[in-house]
Amino acid sequence: QDVLLGASVQLTGPLANTGRYYRDAYQLAVDRINAAGGVKVGGQPHKLALKIYDNQSDVNLSVRQYTQLVSQDKVNLLLGPFASNFALADSAVSEKYKIPMVQGGGASDEIFSRGFKYVFGTLAPASDYFGSTVEMMKALKPPPKSVALLYADDSFDVSVAKGTRPLLKNAGLTPAMDERYSSNTSDFSSLLSQIKAKNVDAVLVAGHETEILNFVRQAKSLAVAPKLYSFTVGVPSEDFRKALGKDADYAFGMTAWLPHPALKDRWFGDADQFAKEYKAKYGYDPDYHAASGAADVAALAQAMEDAGSLEPQKVRDALARIKFDSLYGPVAFGANGQINLPQVVVQVQGGQLAEVFDGKAFVTQPKFPMPAWNAR
Amino acid sequence: MKAWQRALVVVALLVLAGVPWYGSDVLLQFGINALLLAVLAQGWNIIGGYTGYASFGNSVFYGLGGYGVGIAMLQWHQPFWGGMAFGVAMALVFAFLLGLPVLRLRGHYFAIATLALAQVMAAIVSNVPLAGQNIGLVLPPLNNDRLFYGLSLALLVIATVVVYWLTRSRFGFGLIAIRENEEGAAVMGVNTTLYKVLAFALSGVFSALAGGIHAYWITFLDPESAFDISLNVRMIIMTVFGGAGTVFGPIVGALSLSAISEVLSSEVTSIAGLFFGLVIVAAVVLMPRGLADLARRVRQAGWRYFAENVRANWL
Amino acid sequence: MDLLAQVLVNGILLGGLYAIMALGLALVWGVLNIVNLAHGAFIMLGAYCSWHLFRYLHVDPFLGLPITAAVMYAVGYLLQRGLLNLIVRAPMFNTLLLTFGLEVVLTYLAQLAFSADFRTINPPYAGEQLQWGPVVLPVARLGAFAGALVLTFGMWLFLLHTRLGRAIRATAQNLVAARLYGVEPRHLYATTFAIGIALAGAAGGLYGVVSQINPYIGATLTAKSFAISIIGGLDNPLGVLVGGLFLGIVESLTTLYIGPTFADVASFGILVLVLIVRPTGLLGKTA
Amino acid sequence: MNARLEVRHVTRRFAGLVAVRDVSFTLAQDEILGVIGPNGAGKTTLISLVSGTIPPSEGEVLFQGHPINRLPAFRRARLGIGRTFQIMQPFPGLSVQDNVAVGALFGQGGGESELAKAREQARECLDFVGLGRFAGQRADELGGPGRKRLELAKALAMKPKLLLCDEVMAGLNHVEIDEVIGVIRKVRDQGISVLVIEHVIKAIKSLSDRLLVLHHGEKIADGAPDAVLSDPAVVQAYLGKRRA
Amino acid sequence: MSDPAHDGTPLLKVEGLSAGYGGMPVLHEISIEVNKAEMVALVGGNGAGKTTLLRALSRLLPCTGSIALAGRELRTLTPDQVFGLGLVQVPEGRQLFGRMTVQDNLLMGGYRRGDKAALSRDLDRMYALFPRLGERRRQLAGSMSGGEQQMCAMARALMAAPVLMMVDEMSLGLAPVVVDQLMEVLAQIRRDGVTVLLVEQDVQIALSGADRGYVIETGRVVLSGSAKDLVDDPAVQQAYLGM
Ligand SMILES: Nc1ncnc2c1ncn2[C@@H]1O[C@H](COP(=O)(O)OP(=O)(O)OP(=O)(O)O)[C@@H](O)[C@H]1O
Ligand SMILES: Nc1ncnc2c1ncn2[C@@H]1O[C@H](COP(=O)(O)OP(=O)(O)OP(=O)(O)O)[C@@H](O)[C@H]1O
Ligand SMILES: [Mg+2]
Ligand SMILES: [Mg+2]
């Protein structure tokens, strides 16, 4: 007898670019688990089946689709959508029908502060995104003196900014600029000119990939080169490096995940093998979104086995207690349902992604400070 | 109305009213959504279909209704009804304050001005802390879809009764005269300014109520989805698809298009949007006067009906 | 002071890009009375066209503009001839809806054809700049600005002072009379629409040089284009340039002095004000 | 004293052009006043100033002794000023009957409140102007002259006290003109004051009690039709030598 | 009253033309002829179908029967092609390009003419003919008075250098002095070899200037003949001249 997992993700619309990571990761993980014989629940092997809808990047539609999954398609368990506002809205469905949802697409603090019992998140908390970056800045020589914090006005990025301010304060840095900008802004020239005029050393940007791309390109065309800039998204993804080419160099970013052979996994062997398999199947490199998605499936599989039952209530209780190692890292949920993983600082160096700082020490030497654009 | 038409309306109403008893959860949710869209279409019908002003600002009313409920319930701890009243009040203020200057514009200019208003409202609200800025507001969930369905259906019935009254009242006749020729109407004694603003406000009240119900139902509200222009475009499409300036056209349009889009998004999933676009294009070309006109004329003309439409509007 | 100068220059250069984006929209709207909600989608297609030329044939994006414009001209011509001409005599809503449907279709086709990946057109000089005193002038934006000047002025000359331009305007105002006076409207409409789309395509090519491209950039570009063409005034291409510059400067200054999240409040707020005070735009003729 | 309409020193400018310049006249109860003048003399503008579709630049308009300068067009309509348009303004998508019903619903004194009654009155007006058989047709299917009559019917349905006719006979042949003359006379006999603009000399001569001539926006003659039409200035500016 | 063409075939020969709107017939088997350099008046009551006939001749309206201009069949042509052959119409209701200047309107009349010099000569000629238009060449045509617009429409048609000019309701809304002037203009261009088909409500004026006339009633030609004969015809006098 099959176990049916359901999800509604962004396959079309403005969020499709990231949404596809989830569809692809879910599918790959399900296939892999089935190839390994499925999950054993109460001694019986069960195959996994996957039902995915395209929500066309529309929140309202995604809510209806989750309802459809639960009440009509009778899925056993739920996987999540991409993006915080979707997870926020969709988790209400899982809560209402008491079907656990493990989601790796929403990290905003609001999702987990509502006291919901059936939603679990595998993205690290938004408030901690720049934690390791700020740590690294302290260790740089010479350490940056002035900082600019720019962030988009959506819930995830506002959470990031909120978490970053005390970190900067503890590091003895008062931001020279602290600016909220509208999501989907395409022109950053005014902000960049201010960065230049104020001679800011380090620029931290929490935003979306489209905005980051424009930011970097416009920084170059206006000859704005702070000593360091770091972005919450984009840097770890292959797409980013492809789109910018050489201009992607020197950009810092962070990830909770890199395809490390050290990350052992029951189904894929290790994270590196997962990445290879993923690339072979879909033709592009996975990033932490994909790994997080694969871990969601693994978490559900593990929870079913632990619970020895398919009953949603029991699976939920098992999830709350779960503790296992995955290709994504050690998975265990806090009381609010969210995972906690340290962010690793990464940088694009010579077109390649390099792990620079693991939260405590340098792994690779960072390229710092960033040279002027015409001196590269 | 003829007897058989009246019977048809009663049967349709019974079928709709019965959904909570025989329908599945999904059907119920689809129903709430489709009924609210029908209310929006019916509201748009008043200003767009009868008065001839192509408003792209009805999504503003919808958003204000939603934020009325959101702010009142979440920030001020008022009951839902208080929120609805607050939303309607904001919609009325908006209709009178901005309707007066904007309704002086005609045709495309009016359309664009209202479109811009929707953008401005979204931009303003995303800077207002009381409204949760761009992050939005999360309301406490009330898991009672039957109630929401009932509210939506009741609202639709009221809106439709009002529109029906329009077609047989002096007020409605004045609106139609404005649509057909505004200057001509003014010199014949129609208080065009007042009538237009009243129509705008009336259409706004229904949109705001729909927005309030939707916000409480979906429990989540942010500027982008609250002042969504594509929602406004959908109101227009649904109205025109069914028949603008008719009593039942907007309802038929809203329900049928919702159904088509719902089926597409669960059957062909990721190319649903593409199909939806094609449906719109085909509908505009083949039946520019909507389903109402189709139903009236296709019986005599048969397939030639479509060809005639194409010929009539072809260059 | 240097900062203010730089921000003003940023605004002016941004305004040039805006003007190019809106030029085609204003033409199709002002002249054919078609409110083209798919305008942004055509900009997007133009950007992809330039991107393909650059990526696979190594055609410089500025040199490739005529090719992009020509391709988009053909697309526009065929669309008007084959589709929009079917409904030009229908009421206003219908064109609105048709172009909305078209926008949806084009966006989805673009995603199917080009995937949702983000692209940029990144020639070596895209990041170059000229130094002018304390002020930095990005080369790509300067190029776009120059393009805007040339195209706007060209359009103005064309519409007001050529036989074809006059015929295009005449047809827009009175179809029956134009036919009675020797105009072949099917071809003329298609030509006009095609010019509008070619302009959109050119704008897309330039847009790709300064910004990123994905299938979903269309909708916001359409909204911006509306604001620009209204602020300037529809019946005069020079108005579009004025509108673009005005909007670019307002947005840049708002970002500097009030905050980046208020740029949209300012730009669309001003649009509403302009419409209320001067419905025909800053440069439009009052009836 | 009991002038229904009084126009005092009214001037209207359009961007550098004076369309009406310092014109004064009165129109008594049940009087028919003819207004003639060369094309572009300002006749239509004068009607628009009285009906309120454009405001005067200077001067004052009084209706039944009350100044109405500040009233919008619809208020003037409710006071009893009905007009027709030279460039016809029908409600194109409505039936001919409903076009006229608008007048009955909103006209003088606020109009009829019941739709059915208004339609009935509209029907009577249509019969009155000879459009009865077109009642059910869409207004935009009428030909030019039909639309002229429709204009008249719409204005009459308002039950006006003052009727402003802008070239309602243009495009009619002599027989049809005689019919319309009959209609206007009947209207006057109901106690309605009428102002007629017309280029058909024969008609205006036989219809008007008094004749007013505009030229370049100025009043150049005002008096009994025969006297005015033989005034050399009028002959020179308007009639042409052949018809003098 | 057949009138065999004395100088070969007539310029315009319409035979058995029927037309209507949306299935409702308006014209029934109309046959008329217009010879070169002739002025022919078309008269008839309100709604008789005169405008409809002109629309059909300009190919704005589908019809059956045949229309031959200088021996060439027009029924298969489009309005712009017909215009290209020199069949030019001053339509009912003027149909100016309202938001364009007077000058642009006149230039649109010459849209199909390539010769720039001749075009500008004709433009000057029009301004001489209609001084009011000369004064107002930059005014938007739509903001002019009714009569001024009528002059503009006439001038626009003349700018096309027509072979056969059809004028619908020429005198509509014009001061008598202007009507006389325009009749003179028509007489003048006729002397230059242009043929005129005149639709006129003022039957007296129409027949006073025309060579021949046709009387149309409810879509049928009921009378035709020389202008003089028609003026003297008691039926015409009773129905159209109010005598
Ligand atoms: N909106 C306007 N803008 C500019 N000029 C205008 C406007 N309306 C009228 N005019 C000008 O004012 C003058 C008077 O126009 P009006 O329409 O009153 O003339 P009229 O006496 O009615 O002429 P006709 O007998 O030809 O109808 C004309 O020269 C006209 O061009
Ligand atoms: N667009 C239309 N649609 C339907 N019927 C029409 C249309 N135009 C004219 N008709 C009808 O066709 C008939 C002939 O009209 P037409 O305009 O040709 O008459 P006419 O001889 O020009 O009369 P007039 O003196 O009124 O100009 C009329 O009965 C009229 O109602
Ligand atoms: Mg006039
Ligand atoms: Mg006619």
- Item | Residue that is nearest to ligand 3 (Cβ to nearest atom), among those in region D:184-203 that are in a helix (DSSP H, G or I), β-branched (Val, Ile, Thr) and within 13 Å of the chain's Cα centre (by Cα) | D:184
- Would you be able to tell me the number of residues in region D:132-146 that are away from ligand 1 (no atom under 16 Å from the Cβ) and facing chain E (nearest Cβ under 10 Å)? 6
- Do we have any residue at all in region C:66-89 that's free of Cβ contacts under 8 Å to residues at least 40 places away in the same chain, under 30 Å from residue C:185 (Cβ atoms) and buried (at least 20 other Cβ atoms within 10 Å of the Cβ)? yes
- Message: Yes or no: region E:80-87 includes at least one residue that is modelled with pLDDT of 90 or more and either among the aromatic types (Phe, Trp, Tyr) or within 15 Å of ligand 1 (Cβ to nearest atom) (or both).
- Response: yes
- Task: Collect the residues in region B:1-33 that are exposed (fewer than 13 other Cβ atoms within 10 Å of the Cβ), assigned to a helix (DSSP H, G or I) and not aromatic (Phe, Trp, Tyr), keeping them in residue-number order.
- Result: B:3, B:5, B:6, B:7, B:10, B:11, B:14, B:15, B:18
- Considering only region B:244-263, state which residues are at negative phi and within 12 Å of chain C (Cβ to nearest Cβ). B:244, B:253, B:257, B:261
- What tally of residues in region C:100-127 results from selecting those that are crowded, with 23+ Cβ neighbours inside 10 Å and out of contact with any helix residue (DSSP H, G or I) (no Cβ under 8 Å at 6 or more places or on another chain)? 0
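The rows are residues; the columns are (1) in the same structural domain as residue D:233 (by TED's automatic domain parsing); (2) modelled with pLDDT under 90; (3) buried (at least 23 other Cβ atoms within 10 Å of the Cβ).
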position: D:14; (1), (2), (3): yes, yes, no
position: D:29; (1), (2), (3): yes, yes, no
position: D:43; (1), (2), (3): yes, no, yes
position: D:57; (1), (2), (3): yes, no, no
- Does residue B:117 qualify as being away from chain A (no Cβ under 14 Å), crowded, with 22+ Cβ neighbours inside 10 Å, in a helix (DSSP H, G or I) and on the phi < 0 side of the Ramachandran plot? yes
- Would you tally the residues in region D:156-179 being within 16 Å of ligand 3 (Cβ to nearest atom) and among the small types (Gly, Ala, Ser)? 2
- Query: (1) in contact with a Pro (Cβ under 6 Å, 6 or more places away or on another chain); (2) within 16 Å of ligand 3 (Cβ to nearest atom); (3) of a type in the set (Asp, Glu): which one isn't true of residue D:140, the others all being true?
  - Reply: (2)
- Hits in region E:153-175 (condition: within 16 Å of ligand 3 (Cβ to nearest atom) and closer than 22 Å to residue E:50 by Cβ): E:153, E:169, E:171, E:172, E:173, E:174
- For region E:8-22, indicate whether the set of residues that are away from ligand 2 (no atom under 16 Å from the Cβ), within 30 Å of residue E:174 (Cβ to Cβ) and part of a helix (DSSP H, G or I) is non-empty. no
- Turns out the helices (runs of 4 or more DSSP H) fully within region C:206-287 with at least 1 residues that are closer than 30 Å to residue E:99 by Cα and among the hydroxyl-bearing types (Ser, Thr, Tyr) are C:218-232, C:263-277
- Being out of contact with any strand residue (DSSP E or B) (no Cβ under 7 Å at 6 or more places or on another chain), more than 14 Å from every other protein chain (Cβ to nearest Cβ) and more than 16 Å from ligand 3 (Cβ to nearest atom) narrows it down to one of D:16, D:52, D:65, D:59, so name that one. D:65
- Item | Selection count where residues are within 13 Å of ligand 3 (Cβ to nearest atom) and either touching a strand residue (DSSP E or B) at 6+ places or on another chain (Cβ under 8 Å) or touching a residue at least 12 places away in the same chain (Cβ under 8 Å) (or both), scope region D:27-39 | 4
- Query: So residue E:112 fits all but one of (1) out of contact with any Phe, Trp or Tyr (no Cβ under 7 Å at 6 or more places or on another chain); (2) within 14 Å of chain C (Cβ to nearest Cβ); (3) away from ligand 2 (no atom under 16 Å from the Cβ); what number is the exception?
  - Reply: (1)
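Yes or no, residue by residue, for (1) assigned to a helix (DSSP H, G or I); (2) of a type outside the set (Ser, Thr, Tyr):
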{"site": "A:31", "(1), (2)": "yes, yes"}
{"site": "A:34", "(1), (2)": "yes, yes"}
{"site": "A:57", "(1), (2)": "no, no"}
{"site": "A:70", "(1), (2)": "yes, yes"}
{"site": "A:78", "(1), (2)": "no, yes"}
{"site": "A:95", "(1), (2)": "yes, yes"}
{"site": "A:102", "(1), (2)": "no, yes"}
{"site": "A:116", "(1), (2)": "no, yes"}
{"site": "A:134", "(1), (2)": "yes, yes"}
- Of the criteria (1) buried (at least 22 other Cβ atoms within 10 Å of the Cβ); (2) more than 14 Å from chain D (Cβ to nearest Cβ); (3) touching a Ser or Thr at 6+ places or on another chain (Cβ under 6 Å), which one residue B:175 fails: (2)
- residue B:272 passes all but one of the listed conditions (1) of a type in the set (Gly, Ala, Ser); (2) within 12 Å of chain C (Cβ to nearest Cβ); (3) surrounded by fewer than 21 Cβ atoms within 10 Å (Cβ to Cβ); the exception is number (3)
- Note on the structure: Scanning region E:77-104 for residues that are more than 8 Å from chain C (Cβ to nearest Cβ) and not β-branched (Val, Ile, Thr) gives E:77, E:81, E:85, E:86, E:87, E:92, E:93, E:94, E:103
- Query: Could you list, in sequence order, the residues of region D:14-33 that are outside any strand (DSSP E or B) and away from ligand 1 (no atom under 15 Å from the Cβ)?
  - Reply: D:29, D:30, D:31
- Message: So if I check each of E:168, E:233, E:192, which one is free of Cβ contacts under 8 Å to residues at least 60 places away in the same chain and either more than 23 Å from residue E:30 (Cβ to Cβ) or within 13 Å of another protein chain (Cβ to nearest Cβ) (or both)?
- Response: E:192
- Quick one: count up the residues across region C:113-156 that are farther than 26 Å from residue C:198 by Cβ, more than 9 Å from chain A (Cβ to nearest Cβ) and assigned to a helix (DSSP H, G or I). 1
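The values are calculated or read from the model by the stated rules, or taken from the named source; none is laboratory data. Everything quoted here is computed from the prediction, not taken from an experiment. Methodologically, a virtual Cβ is constructed for each residue, glycine included, from the backbone with ideal geometry; neighbour enumeration extends over all protein chains shown.
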